[in-house]
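For reference, the structure is listed below as structure tokens.
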Amino acid sequence: MLQPRLRPLARSSVSFCRSSVVLRLTRSYATPTQSSNRETSSSQGAVSSSFAVPTPPTRSEKESALMRTYKPRTPGVRHLKRPINDHLWKGRPYLPLTFPKKGQSKGGRNNTGVITVRHRGGGVKRRIRTVDFKRWAPGPHLVERIEHDPGRSAHIALLTDQATGKKSYIVAADGMRAGDVVQSYRSGIPQDLLDSMGGVIDPGILAAKTAWRGNCLPMHMIPVGTTVYNVGSRPDGGAVFCRSAGTHAVVVSKEEETREDGTKVMTGKYVNVRLQSGEVRKVSKDACATIGVASNTLHHYRQLGKAGRSRWLNIRPTVRGVAMNAFEHPHGGGRGKSKGNRHPVSPWGQLAKGGFKTRRTHNVNKWVVVPRVRNMGRQRGKASKKSKE
């Protein structure tokens, strides 16, 4: 059995405690820290009314700064590096919410068998998880477990509706654990929550009791400056933005008016959301969003360690064009690393550099492509002969 080691991602000023040093010396598996926050939060949730969601425990800074490495017993594990996710479910998924992924689409082919996506094929058997990105079901939902989804980088959570017992998958938030309770307020504000505010909606109290990690809210109910993920765009659609591991967005502004009593009322139809790329998007005020950050935030630090692990993930090798034959690529052929004095192009002859992919003409549906004219000297000679005649 492989024996992992714990190693920090980078040198930081955080001083690790003596227990972490002992863990590294003994090369044992990391165990999640046990905290009494869950007991206190669960007791608070039992005392309060049904709309209150207990605060899930936050992971310590020591756990989030470590990656799992392995003693190099073989060349394949020398560079292997994985995030520490000991809280994941070790068994099989909930089969009624899955279906097998098989057929020609797994190899990058379309319905006629033509390769439309290169470098795909092989891989281990997997089942596609049916994830609920709309979350219309109201009421409290209990998090049964956190699972790994082979079809996405973020983790998923199995929920059970406490009223009906129906199960569903959602994209888990960072810090979400089994035993947490989450809700969706997309279908409207529950009556018990409205009665607790005296029958009148108070934006401050509403945000304090609904904007909890893992809860799904319409955009007009989310306070400005809140970090969200699984952001929707249309009022009747599901989440389309910030669904991969570690991604999030920030609610920037709303179109609001201040009344005489000081309360703010939203008057516009859209909410401005800043994505991680810096782009500010306008989304509908009735679009959905989930409070928090998408789980598995250390996913981009992983290292596969060997080429075979890529083949397990349905990824085939990528070959340079100059290493191919002349009939396989425009850069192929020749006696050495030469592309025949040709500008860099794609396998289909499209120019790859110089802004030809980004510059556009007045017609936005056409790319600016400079054609390559051959035998220019012969054409000029024929034109000169015709002019003399």
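Key figures for this structure:
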quantity: The one condition in (1) at pLDDT below 95; (2) open to solvent by less than 30 Å² (accessible area, probe 1.4 Å); (3) not in a loop (DSSP other than H, G, I, E, B) that A289 fails to fulfil; calculated: (1)
quantity: Segment 312-332, subset surrounded by fewer than 16 Cβ atoms within 10 Å (Cβ to Cβ) and not hydrophobic (A, V, I, L, M, F, W, C), residue farthest from the chain's Cα centre (by Cα); calculated: N325
quantity: Qualifying position, being at pLDDT below 95 and under 19 Å from S168 (Cα atoms), among R118, R126, R109, R145; calculated: R126
quantity: Positions within segment 267-279 being within 18 Å of the chain's Cα centre (by Cα) and open to solvent by 40 Å² or more (accessible area, probe 1.4 Å), in sequence order; calculated: R274, Q276, S277, G278, E279
quantity: Residues within segment 138-151 that are assigned to a strand (DSSP E or B) and surrounded by fewer than 18 Cβ atoms within 10 Å (Cβ to Cβ), tallied; calculated: 2
quantity: Flag if V131 is in contact with a helix residue (DSSP H, G or I) (Cβ under 8 Å, 6 or more places away or on another chain) and surrounded by 19 or more Cβ atoms within 10 Å (Cβ to Cβ); calculated: no
quantity: Filter result for R135 (within 30 Å of I189 (Cα to Cα) and either of a type in the set (S, T, N, Q) or assigned to a strand (DSSP E or B) (or both)); calculated: no
quantity: Selection count where residues are loosely packed, with under 15 Cβ neighbours inside 10 Å and on the phi > 0 side of the Ramachandran plot, scope segment 152-188; calculated: 2
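Here is a yes/no grid of residues against (1) modelled with pLDDT of 95 or more; (2) closer than 20 Å to R120 by Cα:
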residue: G308; (1), (2): yes, yes
residue: R311; (1), (2): yes, yes
residue: E328; (1), (2): no, yes
residue: G334; (1), (2): no, no
residue: S338; (1), (2): no, no
residue: R342; (1), (2): no, no
residue: V345; (1), (2): no, no
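The values are calculated or read from the model by the stated rules, or taken from the named source; none is laboratory data. Predicted model only: the values in this text are computed from it and were never measured. Please note: Cβ atoms are built from the backbone with ideal geometry, for glycine as well, and neighbour counts cover all protein chains shown. Surface accessibility is based on the protein's heavy atoms, side chains included, excluding ligands, DNA and RNA. Shrake-Rupley method; radii C 1.70, N 1.55, O 1.52, S 1.80 Å.
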